[in-house]
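Read the structure below first, then the notes.
The values are calculated or read from the model by the stated rules, or taken from the named source; none is laboratory data. Since the model is a prediction, treat every value here as computed from it, not as a measurement. Because the Cβ atoms are built from the backbone with ideal geometry, glycine has one as well, and the counts that use them run over all protein chains shown.
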Amino acid sequence: MAWETVMGLEVHVELATKSKIFCSCTTEFGGEPNSHCCPVCTGMPGTLPVVNRQVVNYAMKAGIALNCDITRYNKFDRKNYFYPDLPKAYQISQLYLPICRNGRVPIETESGLKKDIRIHEIHMEEDAGKLIHDEFNDETKCDYNRCGVPLIEIVSEPDFRSAEEVIAYLTKLKSTLEYLGVSDCKMQEGSMRADVNLSVRQAGSEEFGTRTEMKNLNSFKAIAKAINFEAKRQIDVIERGGKVIQETRRWDDNKDKSYAMRSKENAQDYRYFPEPDLPPIEIDDQWYNSVKDSLPELAEAKKQRYISEFSLPEYDANMITGQKALADFFEETTALCGNPKEVSNWIMGELMRKLGDEGIEAKDMKLTPKALSTLIGLVEKKTINRNKAKEIFAIAFNEDLDVEKYVKDNNLEQVSDEGLVLEIVKNVIAANSKAVDDYNSGNKKAIGFLMGQCMKELKGKGDPGVVNKLLNQELNK
Ligand SMILES: [Zn+2]
């Protein structure tokens, strides 16, 4: 029997405002526990919340970029529940009139499938605190620093059919929000976290199966593993004649399995009601247009520009604009050296490989546009050869390197002096008669070995063109 997996995503994103959503406390990550708090965000009786206008601006920016309708008259509601990380015993969120609705995110998966994921809504809300379970002393501590940090929750329609589509969507979401500057989207610090609602059904069926929800998945790898595990688990349950129970499950990334956390609450369990302490938010044309006009050039537009302005291949333009930090790096380096094609080649080759090896994102690397543009210039002027440039690149990737000084201090200038190279070529030919015989008896590949020997003698600094020319000349005398 063929099964189909159906998924919807709820993605929580912490907004990069300086202060919290309803008070002036800092949103900075970390800090001494309970040092970023005030009576408002710790829910003291008698305090009143005031909406941070920047939160509304950022939510609108995200909504416009994700092709949503902006609700010009939107309101906050109270979501009531008791939990130790929520001192007010209710969360201020939006249920009835969320700020954004009906969006659309075009995605393209690794295997080339293109489709649109529909956004049901985006609403604004406040984050809760953190509980730290100290198993050693058998106690739990509360840190309220995160209480009141602004969030948007992006709720998709159940449009996903594979883990691959989910990853493509999250990648696009992350990139868009980084371009907008509304969040740093650091999954490891929890500023972007995804909940996956998943059910299975027989292929071709229109009806939805019973779904489970997996909470707070915080890396792309964990999400893909959790999805594949949960789909298989549900299929097993049904094929053995059982029923999937609607529940919230927690993914254990160390054990590679999920387990039931609690049976899923329904919306009415929260006793939502309109927040009486906050007036509705009315967005007039002037406010809406000022936000719309402040949107930066986004990935898709940038990609098209790179293709037309710099003649980059579509694949390269797509990769480079996929991360805002990478696009910024490309543009700054190109402005310095005036050679977009060469900059793109370095990014697509050495840089991508390094990012992959180190497992980091472009925004976390130490390489500067100045270092790469200098390297490109030195290769162009034939001051250093490409292999040396790659070695220097590997160093400049991890530290702020003065490339010109480094080349001078380490005496890395390329050797192009034909007299000097000729002498070495002659020595190598004299010392490697076996390879020379091989070459003369038709094994043309032997020249590669001789070339390597010459470069070794030249400490890797030989001009490959000159060495190659003289080697051929001497062998064919
Ligand atoms: Zn506060």
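Summary of values
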read-out: Residue count, the range 92-143 (criterion: closer than 30 Å to Thr71 by Cβ and among the aromatic types (Phe, Trp, Tyr)); value: 1
read-out: Filter result (in contact with an Asp or Glu (Cβ under 6 Å, 6 or more places away or on another chain), more than 15 Å from the ligand (Cβ to nearest atom) and not in a strand (DSSP E or B)) within the range 138-155; value: none
read-out: Residues of the range 303-330 that turn out to be in contact with a Lys or Arg (Cβ under 8 Å, 6 or more places away or on another chain), over 25 Å from Ile64 (Cα atoms) and part of a helix (DSSP H, G or I), as a count; value: 2
read-out: Residue within the range 24-40 that is closer than 22 Å to Phe273 by Cβ, part of a loop (DSSP other than H, G, I, E, B) and in the same structural domain as Glu126 (by TED's automatic domain parsing) present; value: yes
read-out: Residue list for the range 171-229, restricted to those being surrounded by fewer than 17 Cβ atoms within 10 Å (Cβ to Cβ), part of a loop (DSSP other than H, G, I, E, B) and touching a helix residue (DSSP H, G or I) at 6+ places or on another chain (Cβ under 7 Å); value: Ser219
read-out: Condition broken by Ile99, with the remaining ones in (1) more than 16 Å from the ligand (Cβ to nearest atom); (2) more than 23 Å from Met192 (Cα to Cα); (3) surrounded by 18 or more Cβ atoms within 10 Å (Cβ to Cβ) satisfied; value: (2)
read-out: Hey, Asn427 over 39 Å from the mean Cα position of the chain (by Cα) and either surrounded by 12 or more Cβ atoms within 10 Å (Cβ to Cβ) or hydrophobic (A, V, I, L, M, F, W, C) (or both) or not; value: yes
read-out: Residue count for the range 4-42, restricted to those that are crowded, with 16+ Cβ neighbours inside 10 Å and either in contact (Cβ under 8 Å) with a residue 40 or more places away in the chain or more than 16 Å from the ligand (Cβ to nearest atom) (or both); value: 24
read-out: Residue among Lys456, Lys363 that alone is outside the structural domain of Ser175 (by TED's automatic domain parsing), at pLDDT below 90, closer than 30 Å to Ser219 by Cβ and assigned to a helix (DSSP H, G or I); value: Lys363
read-out: Residue check, Gly112 assigned to a strand (DSSP E or B), over 18 Å from Glu275 (Cβ atoms) and more than 16 Å from the ligand (Cβ to nearest atom); value: no
read-out: Top-ranked residue of the range 43-81 - restricted to ones that are within 30 Å of Lys172 (Cβ to Cβ) and within 16 Å of the ligand (Cβ to nearest atom), ranked as farthest from the chain's Cα centre (by Cα); value: Val51
read-out: Filter result (surrounded by 19 or more Cβ atoms within 10 Å (Cβ to Cβ) and free of Cβ contacts under 8 Å to residues at least 40 places away in the same chain) within the range 396-423; value: Ala396, Leu401, Val403, Val407
read-out: Residue match in the range 300-321 (condition: in contact (Cβ under 8 Å) with a residue 40 or more places away in the chain, surrounded by 12 or more Cβ atoms within 10 Å (Cβ to Cβ), out of contact with any strand residue (DSSP E or B) (no Cβ under 7 Å at 6 or more places or on another chain) and aliphatic (A, V, I, L, M)); value: no
read-out: Exclusive hit being of a type outside the set (A, V, I, L, M, F, W, C), part of a helix (DSSP H, G or I) and in contact with a Lys or Arg (Cβ under 9 Å, 6 or more places away or on another chain), set Tyr439, Tyr406; value: Tyr439
read-out: Selection within the range 2-23 - outside any strand (DSSP E or B), in contact with a helix residue (DSSP H, G or I) (Cβ under 8 Å, 6 or more places away or on another chain) and either over 21 Å from Tyr179 (Cα atoms) or among the aliphatic types (A, V, I, L, M) (or both); value: Leu15, Ala16, Ile21
read-out: Residues located in the range 275-302, provided they are β-branched (Val, Ile, Thr) and part of a helix (DSSP H, G or I); value: Val291
